[in-house]
Structures are given as C-alpha cells and as structure tokens.
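Have a look at the structure below before the remarks.
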Amino acid sequence: AQSVTQPDIHITVSEGASLELRCNYSYGATPYLFWYVQSPGQGLQLLLKYFSGDTLVQGIKGFEAEFKRSQSSFNLRKPSVHWSDAAEYFCAVGAYNTDKLIFGTGTRLQVFP
Amino acid sequence: DVKVTQSSRYLVKRTGEKVFLECVQDMDHENMFWYRQDPGLGLRLIYFSYDVKMKEKGDIPEGYSVSREKKERFSLILESASTNQTSMYLCASSASGKAQETQYFGPGTRLLVL
C-alpha cells in the first residue's frame, strides 16, 4: 500500500536561512509526487509536482524538490526563507491507476525574523 | 484561475443534527473530493466523485454521505453529527480522474459539534 511519511512535525528557521522539508514515500512503482502548502486559514495550494523526467522539479514561490528513487524521498527545499513562507506543508503521493492522493501528516514551518 | 468555494468557513452544530457542507467549483472539473483534516493526521479522504451521481468511498466514509446532482456541486452530509466529527473539512476538485492531475482546494469549513 502507498504511504507518505513526513518525519518533522514542526520546523523553525530564521528568515533568510535555507530550508529542507523531508518526505519519504512507499510505493512499488514510480509514483506521482506532490508538495502542497497551506497558509493559516486557507486551503491547500500546489507548490510543485513530479511525474517523470528531470528529478529536480521547480515550483512556485522559489521552492524546488528532488526525487531520489534510491532513498524513496522527495524533499522540498528553498535557499532563502521569507517570513511569508510560514505555513503547513504537505507531501502527497498518487498512483498510476487511482484517482486518489495519499497525504503525509504535514510539517509546520515557523519563521523567525 | 480555478475557484473552489465552500458554503461556510465556520459552523457550530449540536450532536444529532443533520449537517450539510456544500462545495462548488467553477472549472468544469470531473472529479471532486471531500477530506477531513485533523492535527497530526494530515488529510484523510472521506468520499470522492468522478461524475454526476457517481461516488466512491474514501478511507473514512463512516458517518458521512455525499451527493452530486450537478457537475459543479458536491455536498457532504453528516446524517447525525457527533462530537468526533469536529474537524476541518476540505473540498477539492481535479480535471480528470488521473492521479497526476492537480487537485484544487477550497478554503475549508471548520466544524464544531457540541
């Protein structure tokens, strides 16, 4: 069965620092992978997604993620965090023959000035 | 831009009441989804619909039902609300049933059952 693990419940960084949010998945074949962001009081917004091809994916708001098949990981990165990036981040995995996404439990990012 | 709207941002109901949560999308999407979001549990799929009058159970359908009479509208129904249904409810839609399609989310309805 598919599953997604986000090992970090809560991360705190200083504004301007680099960021990496971890995501590990369990799936037999090449999965479809997504990162969503949820700002306070809002729904989820897609940051980026990976299906195939180049394993480094660029997204909105200066985020990128790298698919590493050998590590079953799809970590989200940003070189310099802004205070407006404070939000909850969800990794999700989809399978080829299903309509459904499986979401991780989320990582809450706090940014200090 | 795709817009997914939900009828209420906040809702307070009594135990045993019948509760309707409405979701409308304006992009002619085939698929619509209802999730609940709880701290430490992420998003869990309650039901989804891939066409008008069609529905499929998600991972936690117990205590819920859905209705999709028109393509743009997907309703979640709590037949008899209970306190353990206090949660954030998120609606989403996607263009087709393929897993690689982006899901677009509404702002959510925070439901409190007393």
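The values are calculated or read from the model by the stated rules, or taken from the named source; none is laboratory data. What you see is a predicted model; the values in this text were computed from it and never measured. Positions of Cβ are generated from backbone atoms using ideal geometry, with glycine treated the same way; all protein chains shown enter the neighbour counts.
Within region A:1-20, take every residue that is within 14 Å of chain B (Cβ to nearest Cβ) and of a type in the set (Gly, Ala, Ser) and give me the one that is surrounded by the most Cβ atoms within 10 Å (Cβ to Cβ).
For region A:1-20, the residue satisfying everything is A:3.
For region A:17-56, which residues satisfy the criterion of being among the β-branched types (Val, Ile, Thr) and closer than 23 Å to residue B:97 by Cβ?
If the condition is that a residue be among the β-branched types (Val, Ile, Thr) and closer than 23 Å to residue B:97 by Cβ, then A:30 is the only one that fits.
Among the residues of region B:64-92, which ones are among the hydroxyl-bearing types (Ser, Thr, Tyr) and not in a strand (DSSP E or B)?
B:80, B:82, B:83, B:86
Any idea which residue in region B:97-114 is farthest from the other protein chains (Cβ to nearest Cβ), counting only those that are within 16 Å of residue B:3 (Cα to Cα) and part of a loop (DSSP other than H, G, I, E, B)?
For region B:97-114, the residue satisfying everything is B:101.
Just give me the residues in region A:85-111 being more than 15 Å from the chain's Cα centre (by Cα) and modelled with pLDDT of 95 or more, in sequence order.
Result: A:110, A:111.
Starting from residues that are in a strand (DSSP E or B) and away from every other protein chain (no Cβ under 14 Å), keep the ones in region A:54-73 and report whichever is farthest from residue A:15 (Cα to Cα).
Checked region A:54-73; the qualifying residue farthest from residue A:15 (Cα to Cα) is A:68.
State the number of residues belonging to region B:16-36 that are more than 16 Å from residue B:68 (Cα to Cα) and at pLDDT below 95.
Looking only at that region, the number is 0.
Could you list all residues from region A:75-113 that are surrounded by 17 or more Cβ atoms within 10 Å (Cβ to Cβ) and more than 14 Å from chain B (Cβ to nearest Cβ)?
Result: A:75, A:76, A:78, A:81, A:85, A:86, A:109, A:111.
I need a count of the residues in region B:18-65 that are surrounded by 13 or more Cβ atoms within 10 Å (Cβ to Cβ), small (Gly, Ala, Ser) and farther than 22 Å from residue B:100 by Cβ.
2
Could you list, in sequence order, all residues of region B:52-74 that are touching a residue at least 40 places away in the same chain (Cβ under 8 Å) and not hydrophobic (A, V, I, L, M, F, W, C)?
B:71, B:72, B:73
For region A:46-64, name all the residues that are buried (at least 18 other Cβ atoms within 10 Å of the Cβ) and either modelled with pLDDT under 95 or in contact with a Ser or Thr (Cβ under 9 Å, 6 or more places away or on another chain) (or both).
Across region A:46-64, the qualifying residues are A:49, A:50.
Which of the residues spanning region B:1-14 are touching a strand residue (DSSP E or B) at 6+ places or on another chain (Cβ under 6 Å) and either of a type outside the set (D, E, K, R) or surrounded by fewer than 16 Cβ atoms within 10 Å (Cβ to Cβ) (or both)?
Matches in region B:1-14: B:2, B:4, B:5, B:6, B:7, B:8, B:10, B:11, B:12.
Filter region A:21-42 for residues that are within 12 Å of another protein chain (Cβ to nearest Cβ) and surrounded by fewer than 20 Cβ atoms within 10 Å (Cβ to Cβ); which is nearest to the chain's Cα centre (by Cα)?
Of everything passing the filter in region A:21-42, A:39 is nearest to the chain's Cα centre (by Cα).
Restricting to region B:69-95, name every residue that is away from every other protein chain (no Cβ under 14 Å) and either under 24 Å from residue A:45 (Cβ atoms) or crowded, with 19+ Cβ neighbours inside 10 Å (or both).
Once the filter is applied, which keeps residues that are away from every other protein chain (no Cβ under 14 Å) and either under 24 Å from residue A:45 (Cβ atoms) or crowded, with 19+ Cβ neighbours inside 10 Å (or both), region B:69-95 yields B:71, B:72, B:73, B:75, B:76, B:78, B:81, B:87.
Can you name the number of the only condition in (1) under 12 Å from the mean Cα position of the chain (by Cα); (2) more than 30 Å from residue B:89 (Cβ to Cβ) that residue A:57 fails?
The single condition residue A:57 does not satisfy is (2).
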